[in-house]
Ligand SMILES: NC(=O)c1ccc[n+]([C@@H]2O[C@H](COP(=O)([O-])OP(=O)(O)OC[C@H]3O[C@@H](n4cnc5c(N)ncnc54)[C@H](O)[C@@H]3O)[C@@H](O)[C@H]2O)c1
């Protein structure tokens with residue numbers, strides 16, 4: 001990236017790409033958005049206007065209209081990418097789609113630009129090998145929605161230039177995200193490996209009939225998750241034994257080892273998924289999913305405002 005405030009291109013503007021557009025626009029960058037779907041292209045600015053207004057109402061940004069005015073929608077990938085200093089790819093999670101889109105980005109990009117992929121778990125080496133500028137590509141995996149949940153995992157492919165990973169980290173920090181850098185590739189990266197460990201155990205407990213979905217969910221939403229919204233598992237256990245993390249490991253390491261030994265990996269069974277679906281759809285009918293997602297995002301806005309107030313008070 002050659003300039004202090006690079007122009008940003010967003011390729012793929014579904015759930016995640018649209019959130020990325022807001023991340024960069026609110027930090028002052030010009031943002032060029034491309035999506036092949038005319039419907040998505042038509043939705044991006046009205047969505048950005050509504051979301052920016054919510055952020056402004058919560059005191060998270062200043063002038064919402066100025067933020068939205070930085071976002072421009074393009075009809076072709078090449079026009080959106082040409083001249084951009086940083087490109088965020090957020091297309092479907094398949095090797096085929098990502099390979100095709102990365103080759104198209106590669107052909108249109110400035111050779112000094114950096115390309116981050118939102119891939120949730122497919123390492124960049126599986127879809128960037130054929131790119132001429134492959135040393136400029138890496139994973140920049142966000143959490144949905146990226147404008148409300150700041151962490152972003154940066155994962156280099158074996159051929160990613162180390163300076164590129166450093167520049168991407170600096171850019172993400174500068175726009176207010178929280179970068180987490182991995183030294184090398186691993187399927188699922190860190191976030192989805194941690195989420196996977198919890199989900200695999202939750203499915204197994206449910207499959208074995210130990211509790212309802214609702215009670216397993218409450219264990220996280222009203223238990224573990226309250227601390228996890230502001231500290232990670234290591235800091236949590238450091239505070240949960242009088243002598244800190246080593247004391248915790250001494251007291252409870254055996255219990256955790258025993259639990260790990262009692263499990264062998266299992267697929268999520270179709271019949272159990274059907275029971276889980278029945279329980280969730282009874283609690284939340286399918287036609288109310290979108291409204292509940294909007295509610296989740298409003299809670300995340302309030303949480304972000306609360307955390308911001310806490311940061312300025314401390
Ligand atoms: N949804 C999540 O919770 C989440 C979280 C983190 C990362 N991700 C990752 O982000 C990426 C996008 O996921 P999403 O949830 O936004 O999906 P989505 O289906 O909402 O959006 C994908 C977009 O890509 C566009 N697209 C398809 N082919 C394209 C092409 N050839 N060129 C440009 N755009 C194209 C589609 O039109 C669509 O708008 C995936 O890799 C996904 O794994 C998703």
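The values are calculated or read from the model by the stated rules, or taken from the named source; none is laboratory data. Computed from a predicted model, the values in this text were never measured in an experiment. So basically every Cβ, Gly included, is an ideal-geometry build from the backbone, and we count neighbours across all protein chains shown.
With the condition kept exactly as written, say whether any residue in the range 98-106 is under 17 Å from residue 19 (Cα atoms) and either outside the structural domain of residue 164 (by TED's automatic domain parsing) or at pLDDT 95 or above (or both).
Within the range 98-106, the first condition is being under 17 Å from residue 19 (Cα atoms), and the residues that meet it are none.
Taking every residue of the range 98-106 in turn, none turns out to be under 17 Å from residue 19 (Cα atoms) and either outside the structural domain of residue 164 (by TED's automatic domain parsing) or at pLDDT 95 or above (or both).
Hey, any hits in the range 55-73 for a residue that's over 23 Å from the mean Cα position of the chain (by Cα) and under 30 Å from residue 161 (Cα atoms)?
Checked against the condition, which is being over 23 Å from the mean Cα position of the chain (by Cα) and under 30 Å from residue 161 (Cα atoms), the range 55-73 yields no hits at all.
From the list 12, 83, 62, which one is more than 9 Å from the ligand (Cβ to nearest atom) and at positive phi?
Details: 12 fails: more than 9 Å from the ligand (Cβ to nearest atom); 62 fails: at positive phi.
Answer to the selection: 83.
Let's see how each residue does on (1) farther than 18 Å from residue 213 by Cβ; (2) modelled with pLDDT under 95; (3) not in a loop (DSSP other than H, G, I, E, B):
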| site | (1), (2), (3) |
| --- | --- |
| 256 | yes, no, yes |
| 264 | yes, yes, no |
| 272 | no, no, yes |
| 278 | no, no, yes |
| 287 | yes, no, yes |
| 294 | yes, yes, yes |
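Which one of the conditions (1) surrounded by fewer than 18 Cβ atoms within 10 Å (Cβ to Cβ); (2) under 20 Å from the mean Cα position of the chain (by Cα) does residue 79 fail to meet, given that it meets all the rest?
Among (1) surrounded by fewer than 18 Cβ atoms within 10 Å (Cβ to Cβ); (2) under 20 Å from the mean Cα position of the chain (by Cα), the lone unmet condition for residue 79 is (2).
Limited to the range 197-250, what total is found for residues that are touching a residue at least 40 places away in the same chain (Cβ under 8 Å) and assigned to a helix (DSSP H, G or I)?
Initial filter on the range 197-250 (touching a residue at least 40 places away in the same chain (Cβ under 8 Å)): 200-201, 203-204, 206-207, 212-214, 229-230.
Now narrow it down to the ones that are assigned to a helix (DSSP H, G or I): 200-201, 203-204, 206-207, 213-214.
Qualifying residue count, the range 197-250: 8.
For the range 120-136, which positions are buried (at least 24 other Cβ atoms within 10 Å of the Cβ) and within 14 Å of the ligand (Cβ to nearest atom)?
Answer for the range 120-136, where residues must be buried (at least 24 other Cβ atoms within 10 Å of the Cβ) and within 14 Å of the ligand (Cβ to nearest atom): 124, 127, 128.
Identify the single condition in (1) surrounded by 16 or more Cβ atoms within 10 Å (Cβ to Cβ); (2) under 27 Å from residue 229 (Cα atoms); (3) away from the ligand (no atom under 12 Å from the Cβ); (4) without any contact (Cβ under 8 Å) to a residue 40 or more places away in the chain that residue 170 does not satisfy, given that it satisfies every other one.
With respect to (1) surrounded by 16 or more Cβ atoms within 10 Å (Cβ to Cβ); (2) under 27 Å from residue 229 (Cα atoms); (3) away from the ligand (no atom under 12 Å from the Cβ); (4) without any contact (Cβ under 8 Å) to a residue 40 or more places away in the chain, residue 170 is out only on (1).
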